[in-house]
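Notes follow the structure.
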Amino acid sequence: MRSYIRLIAFLTLFTLLSFISCAKKRNLNLPPTPLTAAGLIPHPVEIKSTNASFPLDKFTAIYTAGTKEMEDIGNFLAEKITFKTGLRLKVNPESAKNFESRILIQLDNDFTIENEEAYKLKILQDSIILTSKTPSGAFRGIQTLRQLIPQQSNDTIADYSIWVLPTGEITDYPQFEYRSAMLDVVRHFFSVEDVKKYIDVLSYYKFNTLHLHLTDDQGWRIEIKSWPKLTEIGGKTQVGGGTGGFYTQEQYRDIVNHALERHITIVPEIDMPGHTNAASLSYPFLNGNGKELKPYTGTKVGFSTFDCGKDTVYAFIDDVIGEMASLTPGPYIHIGGDESLVTKKKDYNYFISRVEKIVQKHGKIMIGWDEIANATIGENTIVHFWRNKNNAQTAAEKGMKVILSPAQKAYLDMKYDENSKYGLTWAGYVPVNTAYRWSPENYAEIPIDNILGIEAPLWPETITNIGELEYLAFPRVIGIAELAWTKQENRNWKDYRVRLANQTAYLKSMNINYYPTKLIDWK
Ligand code: TNX
């Protein structure tokens, strides 16, 4: 059976390659443009220009070789090309007739770059060949290709529209395996559609993870079938007294699948033992602060805690983590663990160790904010640095991996500057250059081998809708994408400023309400 599949794969590839080599060379006299000047974000590892041109037009077809997943990627590309240019390219058409230029997307088992998300994009005059070891690699390569398509066609060449791409070869793979944004949907709730739109834009810049902060003092945002009051009671509040909201499990799955189609992993966070007022309000036996429970719509933190000594509390956590684990295909569950200011230290450490076992029992790797580093936890658990460098260093010394979200650089909820309409200032202003000009490679003396990657969190205390979310996220999150993907030797603020200015057309086409900072000469 296996050899039969191999034979089919070989024959498909052979047919595709013969299509390509038979392609007629049209004499279009296209203007040569250097691929090195393409202005890609994130900047790829290597770009070689061959100074000719590829015509994308109504005579172009997309071919995919390999699995159904590869065909999905081909269809995804076709859809995005239609959105950008209006062209309706065929994917794997039965006959090669009428097609003069081709985009081939293929897997290669002998691909020489080890990295799972690596790809090679070869642009010739009559064909584009995208090769990778995995579908994720192909998906990242598709984003590069999308960025190479000019916003406007150059239709003075022929009597129909042509989008001229530069020829050459790009070899590319990410520096860090975890490239993430975080969205808190508690302080203010965001709809499934809002989250999907954010995912769409994140995937364009090669992010591969979205962390959703689903529970906090002000609300509980995910349906848990075994504990229905969490959303019936806990889902009804948010900062400032609005009506809150929550995702049903079906809606959460819808988000997970939308992300999966874009090769993005969802990391759900159930924050505990602090940040738990909404949970305790729903089920008072959870409460450990000894105070009367009331719905909370303020923004101060650190007053709530679970009772860390009761077995029933851990039975509750087992149910919640169990349901989240079965809803979430990705490998991680984030358990928060930050700012548990009223939990006794001894209780906190006991709690974190015990919850780690629960997460592992359900087959997942635990992530927690940097405070967890001091508890007795295993090497496999991941520490999420946000404020305390000592905690991150402790984690690295224990051999653990660390995710970097230093608030002074990576917090998308900090104001840009004194003109910012929204945002907090507790970690200072974070202008676009500050968010870009830092080195995750040697941040806080954490050895690079202990760095899993970077995440840009967005806490919505001061914003209530997607337009305001976009104002805080864009353009800073685009810089974080480059820091996570591109090695230091290929990063440079002066060059990045120009490439960022060129994102205007894409951001406008997506109707993104970005902050038009004066640091960038927007196009
Ligand atoms: C700190 S970052 C928090 C959040 C707030 C945020 C506001 C972290 C682990 N905890 O609860 O929303 O600051 O910037």
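A few points about this structure:
- For region 379-390, filtered to residues that are surrounded by fewer than 20 Cβ atoms within 10 Å (Cβ to Cβ) and away from the ligand (no atom under 13 Å from the Cβ), the residue that is nearest to Glu441 (Cα to Cα) is Lys389.
- The requirement of being under 30 Å from Leu404 (Cβ atoms), touching a residue at least 60 places away in the same chain (Cβ under 8 Å) and not assigned by TED's automatic domain parsing to the domain that holds Val267 is fulfilled nowhere in region 157-169; no residue meets it.
- Elements of the type helices (runs of 4 or more DSSP H) sitting completely within region 391-486 and holding at least 2 residues that are more than 16 Å from the ligand (Cβ to nearest atom) and in contact with a Lys or Arg (Cβ under 6 Å, 6 or more places away or on another chain): these cover 476-485.
- The set of residues from region 183-201 being away from the ligand (no atom under 16 Å from the Cβ), β-branched (Val, Ile, Thr) and crowded, with 19+ Cβ neighbours inside 10 Å comprises Val195, Ile199, Val201.
- The residues of region 23-80 that are at positive phi and crowded, with 19+ Cβ neighbours inside 10 Å amount to a single one, Gly66.
- Residue check for Val267: assigned to a helix (DSSP H, G or I) and crowded, with 23+ Cβ neighbours inside 10 Å: no
- Residue check, Gly302 within 15 Å of the ligand (Cβ to nearest atom), farther than 20 Å from Glu371 by Cα and within 30 Å of the chain's Cα centre (by Cα): no
- Within region 457-509, tally of residues that are within 11 Å of Ile41 (Cβ to Cβ) and of a type in the set (Asp, Glu): 2
- Screening the candidates Thr376, Thr343 for the property of being of a type in the set (Val, Ile, Thr), buried (at least 17 other Cβ atoms within 10 Å of the Cβ) and over 25 Å from the mean Cα position of the chain (by Cα) yields one hit, Thr343.
- Matching residues, region 202-237, being within 16 Å of the ligand (Cβ to nearest atom) and in a loop (DSSP other than H, G, I, E, B): Leu214, Asp217, Gln218, Arg221, Thr237
- Candidates Pro284, Pro295, filtered to the one that is surrounded by fewer than 18 Cβ atoms within 10 Å (Cβ to Cβ), free of Cβ contacts under 8 Å to residues at least 24 places away in the same chain and either not assigned by TED's automatic domain parsing to the domain that holds Ile403 or not hydrophobic (A, V, I, L, M, F, W, C) (or both): Pro284
- Across region 85-105, the qualifying residues are those that are crowded, with 17+ Cβ neighbours inside 10 Å and not in a loop (DSSP other than H, G, I, E, B), and the one among them that is farthest from the chain's Cα centre (by Cα) is Ser101.
- Some residue of region 316-324 being within 16 Å of the ligand (Cβ to nearest atom), of a type in the set (Val, Ile, Thr) and in the same structural domain as Glu356 (by TED's automatic domain parsing): no
- Qualifying residue in region 309-323 (condition: over 33 Å from the mean Cα position of the chain (by Cα) and closer than 21 Å to Lys236 by Cβ): no
- Any hit, region 455-465, residues being within 29 Å of Thr85 (Cβ to Cβ), out of contact with any helix residue (DSSP H, G or I) (no Cβ under 9 Å at 6 or more places or on another chain) and modelled with pLDDT of 95 or more: no
- Scanning region 325-373 for residues that are of a type in the set (S, T, N, Q) and within 15 Å of the ligand (Cβ to nearest atom) yields a total of 2.
- Qualifying residue in region 118-138 (condition: within 27 Å of Ala259 (Cβ to Cβ), buried (at least 20 other Cβ atoms within 10 Å of the Cβ), at pLDDT 95 or above and touching a Pro at 6+ places or on another chain (Cβ under 9 Å)): yes
A quick yes/no check of all residues on (1) in contact with a His (Cβ under 8 Å, 6 or more places away or on another chain); (2) more than 23 Å from Lys291 (Cα to Cα); (3) outside any loop (DSSP other than H, G, I, E, B):
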site	(1), (2), (3)
Gly337	no, no, no
Asp347	no, no, yes
Glu356	no, yes, yes
Gln360	no, yes, yes
Gly368	yes, yes, yes
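- Residue in region 34-50 that is of a type in the set (A, V, I, L, M) and closer than 23 Å to Glu261 by Cα present: yes
- Test: residue in region 250-260 that is over 30 Å from Gly137 (Cβ atoms), more than 16 Å from the ligand (Cβ to nearest atom) and either among the hydroxyl-bearing types (Ser, Thr, Tyr) or assigned by TED's automatic domain parsing to the domain that holds Glu117 (or both): no
- Close contacts from region 122-134, counting a first residue that is within 11 Å of Ile170 (Cα to Cα) and a second that is assigned to a loop (DSSP other than H, G, I, E, B), with Cβ to Cβ under 7 Å and a gap of 6+ residues or different chains, come to Thr131/Asp108; Thr131/Phe111.
The values are calculated or read from the model by the stated rules, or taken from the named source; none is laboratory data. Only a predicted model underlies this, so the values are computations on that prediction, with no experimental measurement involved. FYI the Cβ positions are ideal-geometry reconstructions off the backbone, even for glycines, and counts take in every protein chain you see.
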